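Undergrad: Dumping the structure here so I can ask a few things about it.
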Amino acid sequence: MKIAGQKESKIDPTLAEEIRQRCGENVFLCYQCKKCASGCPTRPFMESTPTELMRYLQLGMIDEAMKKDTIWYCLSCQTCSARCPQNIDIAHVVDAVKIIVQEKNIKVDTGNAKLFNRLWMTLLKYMGRMYEMGLTGMLNLFSGKPFKDLPLGIKLIKKGKLKLLPTIKRPFEMMKMFSRARDLKK
Amino acid sequence: MKLSYYPGCSLHSTGAEYDASTRKVCEKLGIELVEIEDWVCCGSTPAHQCDELMSIALPAKNMALAREQSGLGEICAPCASCYSRLKFAQERLTDDHLRRQVEHVIDARYPDDIKVLHMLEVISEKVGADAVKEKVVKTLDSIKVACYYGCLITRPPKVTAREDFENPTDMEALIEALGAETVDWNMKTFCCGAAFALTRTEVVVDLTGKILADAHAVGADVIAVGCPLCHVNLDTRQQQINEKLGTNFNIPIFYFTQLMGLAMGIGPKDLGIHKHITEAESFLKERALI
Ligand code: SF4
Ligand code: SF4
């Protein structure tokens, strides 16, 4: 398909069906009323709006849906899902697209979200609970900003709000849960 | 009244004062909280944006633990994100295929008859503003409060079963029962940027800046919250916001349970007021509340 003034778009006609299978939402219900885009708190930061994302998914415009930074500015604030007159859970659709991008390892700038998610899930798998110090430290290290928010971190430690050592709960059960889930997904 | 208690990771770290004040207030109100033993993280936002199955299995695991350990029918979750993940899991687990998968992952039966309540719901629905009023020993009539709900206490309605999700008022009723004045404002359900607290700080500064500006514009002295992530963002980023926007915000951010505790005569230390980054103790002294 070609939009005036733009290069040819790649079309994947199975895209909408893949979204439906992953999250149960039917993107064809969207009639482009723009209510989701108008209430979205991070729309000014996005390359395209949530409404446009729905259109890309309807048309199977896979690169526009997957490679723009739109989904990576979604905060899962649920405003769009709460307001959609067609009762589409747009935030759930966004999650489905995010998961496809991460699973297929599509090269896009996720604003460190992919790294953040991976660190979080790994800590969880072995510790059962979140270890904020470890998470923040590793995130800053791996994203090349080792001193980000350091003064604030020190203040929080002084106030006893960040624990230096992790709390570990049910590590073996958690590892088994993660591996059973992985097997199911295969 | 006896409820299972799921504090979640934040209440054991950055939201320690929410945990402390919740426990103290419940004690005063005769609510017994039975913490789920060795609960695990609900997965929060990272789980639902990278692993759909685990994002449902983790909350289900905690509900199964609650049922096995205490047999209680209700779980109180003070963190808006934990609350939302538990409620989302319940909504999705009405699908039999997914339920079977999740039961296989957690190797336990998923109890489908548990009621999940946010701490605000526990107080407003199960106790009521009138009963709270009877416990007030020190009226908070010297402060003006902006009640901030954020996203997940009220949204999405298919999960929270709330009709008033655009303009909730139960926190106002509660805060007014403490003698304080509440304000009418625009940003009570606007997102604070929680999910980006560590990754896209510039977005957080932008969004929290808007929230603080609106509270300031309508003359609120303090903001009351019911979520540890909202608290961190609003409480810790004010200096950065001032630097960026050239403003002069210095608005103390309290958990609604801390305000309740103060009015009920619980000491500020016990409520963890000293743990805030935006100075709250001197403000309360100034208003003769401590
Ligand atoms: S609010 Fe719903 S129907 Fe309207 S544009 Fe967004 S997704 Fe489409
Ligand atoms: S859930 Fe995401 S897309 Fe929807 S309004 Fe919130 S930030 Fe925007």
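Undergrad: Please give me, ordered by residue number, the GluC sites (Glu not before Pro) of the stretch A:1-90 that lie in loop per DSSP and have at most 10 other Cβ atoms within 10 Å.
TA: Working: sites: A:E8, A:E17, A:E18, A:E25, A:E47, A:E52, A:E64; in loops: A:E8, A:E25, A:E47.
Here the GluC sites (Glu not before Pro) that fit, given the DSSP loop and packing criteria, are A:E8.
Undergrad: By its C-alpha gyration tensor, with a ≥ b ≥ c as the square roots of the eigenvalues, how is the stretch A:15-103 shaped: rounded for a/c under 1.5, else prolate for a/b larger than b/c, else oblate? It would help to have the intermediate numbers written out before the result.
TA: On the way: a/c = 1.41, a/b = 1.12, b/c = 1.26.
Rounded shape, in that the Cα axes give a/c under 1.5.
Undergrad: Ok, one more. Would you list which aspartates and glutamates come within 13 Å of B:K158, measuring only between C-alpha atoms, while excluding same-chain residues fewer than 8 positions from it?
TA: Straight-distance partners of B:K158: A:D89, B:E91.
Undergrad: Hey, in the GNM for chain B with a 10 angstrom Cα cutoff, which one of B:N248, B:N186, B:N167 fluctuates hardest?
TA: B:N248
Undergrad: Too long at a 19 Å Cα-Cα cut-off: which of A:K67/A:K98; A:K185/B:K87; A:K7/A:K67; A:K161/B:K126? Intermediate results must be reported in sequence, preceding the final value.
TA: Details: A:K67/A:K98 10 Å; A:K185/B:K87 23 Å; A:K7/A:K67 15 Å; A:K161/B:K126 30 Å.
In this structure, A:K185/B:K87; A:K161/B:K126 lie more than 19 Å apart at Cα.
Undergrad: Another question, if that's okay. Which loop-located trypsin sites (Lys or Arg not before Pro) does the stretch A:58-128 contain, where loop means any DSSP state but H, G, I, E or B and the Cβ has at most 16 other Cβ atoms within 10 Å? The partial results should precede the final answer.
TA: Working: sites: A:K67, A:K68, A:R83, A:K98, A:K104, A:K107, A:K114, A:R118, A:K125; in loops: A:K68, A:K104, A:K107.
Answer by residue number: A:K104, A:K107.
Undergrad: Taking the alpha-carbon centroid of each part, what is the distance from the stretch A:1-74 to the stretch B:85-163 in angstrom?
TA: 32
Undergrad: Radius of gyration and Dmax for the stretch B:1-63's Cα atoms, expressed in Å?
TA: Calculated on Cα positions, Rg and Dmax stand at 13.5, 41 Å.
Undergrad: Give me the dipole magnitude in Debye, nearest 20, for chain A about the Cα centre, with unit charges on the beta carbon: positive for Lys and Arg, negative for Asp and Glu.
TA: Details: 33 positive and 18 negative charges, 187 e Å.
For chain A, the charge dipole is close to 900 debye.
Undergrad: Do the alpha carbons of any pairs in B:K28/B:K133; A:K10/A:K107; A:K169/B:K61 sit beyond 20 Å of each other, and which pairs?
TA: Details: B:K28/B:K133 12 Å; A:K10/A:K107 16 Å; A:K169/B:K61 13 Å.
From the list (B:K28/B:K133; A:K10/A:K107; A:K169/B:K61), the Cα-Cα distance tops 20 Å for no pair.
Undergrad: Let's see if you can work this out: charge +1 on each Lys and Arg Cβ, -1 on each Asp and Glu Cβ, no other charges. What is the dipole magnitude of the stretch A:113-185 about its Cα centre, in debye to the nearest 20? The partial results should precede the final answer.
TA: Working: 17 positive and 4 negative charges, 26 e Å.
About 120 debye.
Undergrad: Shape call for chain A from the C-alpha gyration tensor, a ≥ b ≥ c root eigenvalues: rounded (a/c under 1.5), prolate (a/b greater than b/c) or oblate? Mind showing how you got there, number by number?
TA: Values: a/c = 2.12, a/b = 1.69, b/c = 1.26.
Note, shape of chain A comes out prolate.
Undergrad: Can you tell which of A:M66, A:M174, A:I106 lies farthest toward the positive end of the dipole of chain A, using +1 and -1 charges on the Cβ of basic and acidic side chains (Lys, Arg; Asp, Glu)?
TA: The residue sitting most towards the positive pole is A:M174.
Undergrad: Something else about it: In debye, nearest 20, what is the charge dipole magnitude of the stretch B:136-286 about its Cα centre with +1 on Lys and Arg Cβ and -1 on Asp and Glu Cβ, if you could check? Write out the running numbers ahead of the final one.
TA: Numbers: 13 positive and 19 negative charges, 92 e Å.
The calculated dipole for the stretch B:136-286 is roughly 440 debye.
Undergrad: Based on C-alpha coordinates, I'd like the Rg and Dmax of chain B, in Å.
TA: Taking only Cα atoms of chain B, I get Rg and Dmax of 18.7, 58 Å.
Undergrad: Please return the longest range in chain A lying between exposed loop sites, taking chymotrypsin sites (Phe, Trp or Tyr not before Pro), DSSP loop only, at most 12 other beta-carbon atoms within 10 Å, and leaving the sites out. If you can, show how the numbers build up before the last one.
TA: Details: sites that count: A:Y31, A:F147.
Longest gap between qualifying sites, sites excluded: A:32-146.
Undergrad: Moving on to the next point. Could you work out the relative contact order of the stretch B:160-290, using alpha carbon pairs under 8 angstrom and six or more residues apart, expressed as a whole percent?
TA: This gives 21 percent for the stretch B:160-290.
Undergrad: Now, a different point. Provide the FRET efficiency to the nearest 0.05 for the A:N26-B:D95 pair, computing r from the beta carbons and using R0 = 25 Å. Before the final figure, lay out the partial values.
TA: Values: r = 15 Å, r/R0 = 0.62.
After rounding, the FRET efficiency stands at 0.95.
Undergrad: As a test of understanding, state the convex hull volume per residue of the protein assembly as shown from its alpha carbons, in Å³.
TA: Measuring per residue, one finds 143 Å³ for the Cα hull of the protein assembly as shown.
Undergrad: Classify the stretch A:134-186 as rounded, prolate or oblate, taking a ≥ b ≥ c as the square roots of the eigenvalues of its Cα gyration tensor: rounded when a/c is under 1.5, otherwise prolate if a/b is larger than b/c and oblate if not. Provide the component values of the computation, followed by the final result.
TA: Working: a/c = 4.89, a/b = 1.89, b/c = 2.59.
Oblate shape, in that a/c is at least 1.5 and b/c is the bigger or equal ratio.
Undergrad: Starting from the Kirkwood radius over alpha-carbon pairs of the stretch B:196-290, derive D by Stokes-Einstein at 25 °C in a medium of 0.890 mPa s and give it in µm² s⁻¹. If you can, show how the numbers build up before the last one.
TA: Working: Rh = 13.8 Å.
Rounded, D is 177 µm²/s.
Undergrad: If you don't mind, another one. Roughly speaking, what is the stretch gain from B:T139 to B:H12, that is 0.36 nm per residue apart minus the C-alpha to C-alpha distance, in nm to one decimal? Working shown, then result.
TA: Details: separation 127, 0.36 × 127 = 45.72 nm, distance 2.97 nm.
This chain segment gains 42.8 nm when fully extended.
Undergrad: Could you state the angle between the C-alpha long axis of helix A:50-59 and the longest principal axis of the C-alpha atoms of chain A, as a value from 0 to 90 degrees rounded to the nearest 10?
TA: 60
Undergrad: Give me the extension gain from A:S143 to A:Q6: residue separation times 0.36 nm, minus the current Cα-Cα distance, reported in nm with one decimal. Write down the numbers at each step before the final one.
TA: Details: separation 137, 0.36 × 137 = 49.32 nm, distance 3.32 nm.
Extra length available between A:S143 and A:Q6 comes to 46.0 nm.
Undergrad: Something else about it: Given the options A:I88, A:I154, A:I11, state which has the largest fluctuation in a GNM of chain A using a 10 Å cut-off (strictly under) for Cα springs.
TA: A:I154
Undergrad: Treating cross-link reach as a plain straight distance, find the lysines whose alpha-carbon is under 21 Å from the alpha-carbon of A:K159, omitting any fewer than eight places away in the same chain.
TA: Partners found: A:K148, B:K24, B:K269, B:K275, B:K285.
Read-outs throughout are calculated quantities, based only on the coordinates presented, and are distinct from any laboratory measurement. All figures in this text were calculated on a predicted structure; none of them were measured in a lab. So basically every Cβ, Gly included, is an ideal-geometry build from the backbone, and we count neighbours across all protein chains shown.
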